[in-house]
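Report on the structure given below.
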Amino acid sequence: MKVFISVDMEGISGLVRWMDVASQGIDFPRNRSLMTADTNAAIDGAFAAGASEVVVEENHGVEDLCVLVMDEIDPRCSVIRGAGRPGATTMAGLTEDAGVVLLVGHHASAGTFPGIMAHTISYGWFKRVLLNGEVIGEPDFFSIRAGELGVPVGMVSGDQVVAAQVLAFAPNAVTAIVKQALAHQSGNCIPPQRARPMIRDAAEQAVALARAGELTIRKDVAVPYQFEIELKKPLTDTMRDNLSSLPEYSVLDDHTVVTSAMDMDLGFRRCAYLGYADTPGMTRY
Ligand SMILES: [Zn+2]
């Protein structure tokens, strides 16, 4: 069974603040190693449960999505990294031949408390993202896209808030809660050395459940997907100018843009575009 691992940084064991996951932070080089080690734990668990192939895809949007330490990553996997990937940037490697998706180091949705570094796609711009009227987060984009391809989500590591959000759509998924969120930049952390065996065990269980056909493939969201993106700041003139040439977007009010899509590859790209639409002349996504 081919296993797809999406790895983000905000939910990595031991990390709680924005400066932990930003390249200017004093601990960033060390934290890259922590991210790599949590990922290795999931890779090891996947192979222990009989994975034939593990594809890891980087999802953390700093340094052009190149944060894992390549000479520390488990050599049995392959890693998709770097900007400009085809299709939905962070899901380029998710294909229908995968047997299960594992989410390592993920985080809670924008607008949910106390989720550590809770956000959805763009921390700078997005206050909340709604899909068909419900607040969604990044695990929703992954799980809905995976569902379109017939692939279940089997595991998440991160804080208790993202774990609950994943269990809401994937009740049989396995969770590795490596920290208890206390606020957006505060948590009670299990030290990484103890968290990694939890991640390894969760990944092993998840792949075993996938091989037994006991995970839920997400099919609960109606198409076309209707997105409402609430912004933290009013739309700028540059954004309005760019959006005026893109009929697939409508401006609802000075903080809200709506768009829709028939699949989540396009849906993700249409939402993500609004995070960089404040660039003169930028009308591609
Ligand atoms: Zn991230």
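Of the trypsin sites (Lys or Arg not before Pro) found in region 104-184, none is in coil by DSSP with at most 12 other Cβ atoms within 10 Å of its Cβ.
In whole percent, how big is the carbon plus sulfur part of the accessible area of the chain, probe 1.4 Å, protein atoms only? Here it works out to 50 percent.
How much net charge surrounds Asn132 when only other residues with a Cβ under 12 Å from its Cβ are counted (Lys, Arg +1; Asp, Glu -1)? Charge balance near Asn132 sits at -4. Give the angle, between 0 and 90 degrees and rounded to the nearest 10, that separates the Cα long axis of helix 28-48 from the longest principal axis of the Cα atoms of the chain. With both axes taken from Cα atoms, the answer is about 60 degrees.
The residues neighbouring Lys179, those whose beta-carbon lies less than 15 Å from its own, together hold a net charge of -2 under the Lys/Arg +1, Asp/Glu -1 convention.
Anyone know which of Pro247, Pro29, Pro224 comes out most mobile in the 10 Å Cα GNM of the chain? The residue that fluctuates most here is Pro247. Take the chain with all the other protein chains still there, run a 1.4 Å probe, and you get 40 Å² of accessible area per residue. Farthest towards the positive end of the charge dipole of region 187-285, among the residues Thr259, Val221, Pro247, is the Cα of Val221, using unit charges on the Cβ of Lys, Arg, Asp and Glu. Looking at region 197-253, the GluC sites (Glu not before Pro) that sit in a DSSP loop and have at most 12 other Cβ atoms within 10 Å of their own Cβ are Glu214. Only one residue of Pro75, Met91, Ala176 has its Cα farthest out toward the positive end of the dipole of the chain, where Lys and Arg carry +1 and Asp and Glu -1 on Cβ, and that residue is Ala176.
Surface calculation, 1.4 Å probe, protein heavy atoms: Asp27 sits at approximately 50 Å² accessible. To the nearest ten degrees, helix 192-211 and the longest principal axis of the Cα atoms of the chain are 80 degrees apart. Note on the chain: helix-only mean residue ellipticity at 222 nm, from DSSP H runs of 4+ residues weighted -39500 (n - 2.57) and normalised by residue number, equals -9000 deg cm²/dmol. Taking every protein chain into account, the 1.4 Å probe leaves His60 with about 10 Å² of accessible area, to the nearest ten. Sticking with the crude label model, points 7 Å out along Cα→Cβ, report the distance from Lys232 to Arg85 in nm, one decimal please. About 2.4 nm separates the two model spin labels.
The values are calculated or read from the model by the stated rules, or taken from the named source; none is laboratory data. These numbers were taken from a predicted model, which means no experiment stands behind them. Note: ideal-geometry Cβ built from the backbone for every residue, glycine included; neighbour counts use all protein chains shown. Surface areas here come from the heavy atoms of the whole protein model, side chains and all, with no ligands, DNA or RNA. Shrake-Rupley method; radii C 1.70, N 1.55, O 1.52, S 1.80 Å.
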